[in-house]
Amino acid sequence: MATEAPPPSEGDSAVDTTVPTTADPAVPTTEAYREVQASAEFGELRRAYRSFAFPLTVAFIAWYLMYVLLSIYAGGFMGAKLVGNINVALVLGIAQFVTTFLIAWYYSRHAAAVLDPKGEAIKSRMEADA
Amino acid sequence: MSQHVLLAASEASEHRPLIIALFTAFVLATLGITVWAGRQTKSAADFYAGGRQFTGFQNGLAISGDYMSAASFLGIAGAIALFGYDGFLYSIGFLVAWLVALLLVAEPLRNSGRFTMGDVLAYRMRQRPVRTAAGASTIVVSIFYLLAQMAGAGVLVSLLLGITSDAGKVGVVALVGVLMIVYVTIGGMKGTTWVQMVKAVLLISGTLLITFLVLLKFDFNVSDLLGKAAENSGHGAAFLEPGLKYGLTPTTQLDFISLGVALVLGTAGLPHILIRFYTVPTAKAARKSVNWAIGIIGGFYLMTIALGFGAAAIVGPETITESNKAGNTAAPLLALHIGGVDSAGGAILLAVISAVAFATILAVVAGLTLASSSSFAHDIYANVIRRGQATEKEEVRAARWATVLIGIVSIALGAMARDLNVAGLVALAFAVAASANLPTILYSLFWKRFTTQGALWSIYGGLSSSVLLVLFSPVVSGKPSSMFPDVDFHWFPLENPGLISIPLGFLLGWLGTVLSKEEPDTGKYAELEVRSLTGTGAH
């Protein structure tokens, strides 16, 4: 795939040399990627990511769909007034906001604590070997 | 043109120097930024990805600027003002959708792609067919989205300047088009990103101001605000409950579900949002930018409650529909009324909010144009037509020409679709993105067996089914509110196609893969999987 090879001017430009993270690092061979993919360490990272992100995705989509379905098929329940003119529908709607903020925070905490160290260990070893 | 709108326009015209000054100030400031950014734009990574130098916060702000379009500002406020609680679904769906992007797409995409959505879709696949498909769907999604922004621009012009002649409207739409061509061709991603940051700050400030004034009027008692909105709406308590727009018949109920599904799954498939993740140096910074975006966008959507119900309570639905049948002028009218209809304060607020809305439209239009011209140049020109042999210079030149072309197309489209609610129009772009792009993104990243045939079936199947269903829906023909109200060729009952076309996109991706004769490229999948999770070899 020709375009995935680092183009000569990108790594050499004045902008990129001042910010080393944007320069293209040495790219490991496909064999190296295969080996890592099959390794226990990467298996652990994949499991730590998927076992967290997938169930959480299913959960928030289910919670959101439940809200959509309640809105359509449970009008009486959603219209029940709680305080003044504030009804169940509005509270559940605001609850969607709250859970969105919480899930974003929860995932980011997991990623920083568990996923980032594992990923960085693999990355620095692979790039040192490449 | 109703009397009231003429009144608004004449109020505004007394302060026309102010309106023109505000608008000119924004245009000059953003053009200055564009020229400054253009001087620093040398390589392809600069043009497509702003040199990948932005911080998580800067990009989060720019994402918010790119995402909170005319649909959010004009469309949602109008939908809530006219249909009450049912309009609020847009706010919720548009926000919750960011979790799909955060948990499944942003970081892997940042690690494995370079400039476009097509980089990731085609990573493990045969390049030319998949990049052609990715380019096609990027351009179609962006044009749907552009249509909504241009509709918003047309609406504002009528309200603000009292221009009713088609020539006048085309003139303003053409001005928007020319400005966006200048932003993108000269400033590239760097200029566009800064324009979006400026716009996000303006939009949040304007919305905070109006929200504050609305709440002040009701002594910060939300219940009173809702009560007054319900009373003025003519629907009573039903205005605050779900079902006013979508609860009437089984068909409209299905339409509500369809809309809900399209909203939550669309964001992570929008090309102009996805390419924003390439402007930061690492996946961690991409995560951080999504978190900032969720905070900023969430705060904004909470304020749509005050905008929408405030417009119903203070302006009233009759005045709103007189001005624009779809409710798109609710937010600017609210500004006028809360400042006082016959006072300088009202006219000034109307001018400020209209200038903010213009800034919103300009910034989003620039982002959309950049996404489609990048995809044309990088996916179609460089990798399909030139088979990867184009130099960076040639690629960027192609992107600039594509920008001019797309600008002209969107000016041409801008004249249509004025009476459609812009939030509803954008929801169609979400449905197309969720049907054509999301399945292939997820299968590519997470399913080992996925093949080129699966990707092609999914992209083309999702794209054509969603577009065809829209074409034969009541959005286009058969109803007084349709784009072409005088003809009727609709047979699909729902306004949003997502309920059918999104599952179809996923199904076709699976079917195309299991019926595929070729073996998946396991070496490429090893590269993609390791790279997407660790960032090894990322650009």
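Laboratory data are not the source of any read-out in this text; all were calculated from the coordinates shown. Worth saying up front: this structure is predicted, and the values here are computed from it rather than measured. All Cβ positions, even for glycine, are placed from backbone atoms using ideal geometry, and neighbour counts span all protein chains on display.
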Seminar exercise, completed: With no solvent term and unit scatterers on the alpha-carbon positions of the stretch B:289-387, Debye gives log₁₀ I(q)/I(0) at q = 0.17 Å⁻¹ of -0.87
Exercise. Stokes-Einstein D for the protein assembly as shown at 25 °C, 0.890 mPa s, Kirkwood Rh over Cα pairs, in µm²/s?
Worked result: 98
Exercise. Where does each of B:361-372, A:27-38, B:345-356 land if you order them by average Cβ count within 10 Å, highest first?
Worked result: B:361-372, B:345-356, A:27-38
For this session: Quick one, can you get me the convex hull of the C-alpha atoms of the stretch B:173-293 expressed as volume per residue in Å³?
Result: 193
Exercise. Rounded to a whole number, what is D in µm²/s for chain B from Stokes-Einstein with the Kirkwood radius over alpha-carbon pairs (25 °C, 0.890 mPa s)?
Worked result: 106
Problem set entry | Within 10 Å of each Cβ in B:425-437, the average number of Cβ atoms from other chains | 0
For this session: Using amide H atoms built 1.01 Å from N in the peptide plane, name the residues 5+ places from A:ASN87, or on other chains, whose amide H lies under 5 Å from its own.
Result: A:LEU82
Exercise. Can you give the net charge of the other residues whose Cβ lies under 9 Å from the Cβ of B:MET189, counting K and R as +1 and D and E as -1?
Worked result: +1
Exercise. Got a sec to turn the phi values of the stretch B:482-492 into Karplus ³J(HN,Hα) couplings, 6.51 cos²θ - 1.76 cosθ + 1.60 with θ = phi - 60°, whole Hz, x for Gly and Pro?
Worked result: 6, 5, 10, x, 8, 10, 9, 10, 8, 10, 8
Exercise. Roughly what would the spin-label model give for B:ARG126 and B:LYS393, points 7 Å off Cα along C-beta, in nm?
Worked result: 3.4
Seminar exercise, completed: At R0 = 25 Å the Cβ-Cβ FRET efficiency linking B:THR522 and A:PHE54, nearest 0.05, sits at 0.70
Exercise. Where in chain B are the DSSP H helices whose C-alpha atoms run 15 Å or more along the long axis and whose mean Kyte hydropathy is at least 0.5?
Worked result: B:16-39, B:85-100, B:127-161, B:166-217, B:250-266, B:283-310, B:344-374, B:392-414, B:422-436, B:452-471, B:498-514
Problem set entry | Shielding by other protein chains, B:296-309, mean Cβ within 10 Å | 1
For this session: For the stretch A:29-129, compute Rh as the Kirkwood radius over C-alpha pairs and then the Stokes-Einstein diffusion coefficient at 10 °C and 1.306 mPa s; write the answer in µm²/s, rounded to an integer.
Result: 94
Exercise. Roughly how crowded by other chains is peptide B:222-235, in terms of the mean Cβ count from those chains within 10 Å of each of its Cβ atoms?
Worked result: 2
Problem set entry | the stretch B:15-59, Rg to Rh (Cα coordinates; Rh as Kirkwood inverse mean 1/r) | 1.19
Problem set entry | Most positive-pole-ward Cα, A:VAL83, A:PRO117, A:SER51, against dipole of the stretch A:29-129 from beta carbon charges | A:VAL83
For this session: Could you calculate the FRET efficiency of B:TRP491 with A:ALA121 from 1/(1 + (r/R0)^6), where r is the beta carbon distance between them and R0 is 56 Å, rounded to 0.05?
Result: 0.45
Problem set entry | Sequence ranges B:401-407, B:308-314, B:531-537, A:70-76, ranked by mean other-Cβ count within 10 angstrom, highest first | B:308-314, B:531-537, B:401-407, A:70-76
Exercise. What ranking, highest mean first, results for peptides B:233-242, B:71-80 when packing means the other Cβ atoms within 10 Å averaged over each residue?
Worked result: B:71-80, B:233-242
Exercise. How far apart, in nm, are the 7 Å Cα→Cβ label points at B:VAL404 and B:ARG39?
Worked result: 2.5
Problem set entry | Residues with amide H under 5 Å from that of B:THR55, placed H, sequence gap 5 or more | none
Problem set entry | Cut-off 18 Å, label 7 Å out along Cα→Cβ of B:LEU515, residues of the stretch B:420-461 by amide N | B:440, B:450-461
For this session: Rounded to whole Å and sorted largest first, list the principal axis extents of the Cα atoms in the stretch B:178-226.
Result: 49, 18, 13
Seminar exercise, completed: For the B:ASP224, A:ARG46 Cβ pair and Förster radius 45 Å, calculated FRET efficiency rounded to 0.05 is 0.25
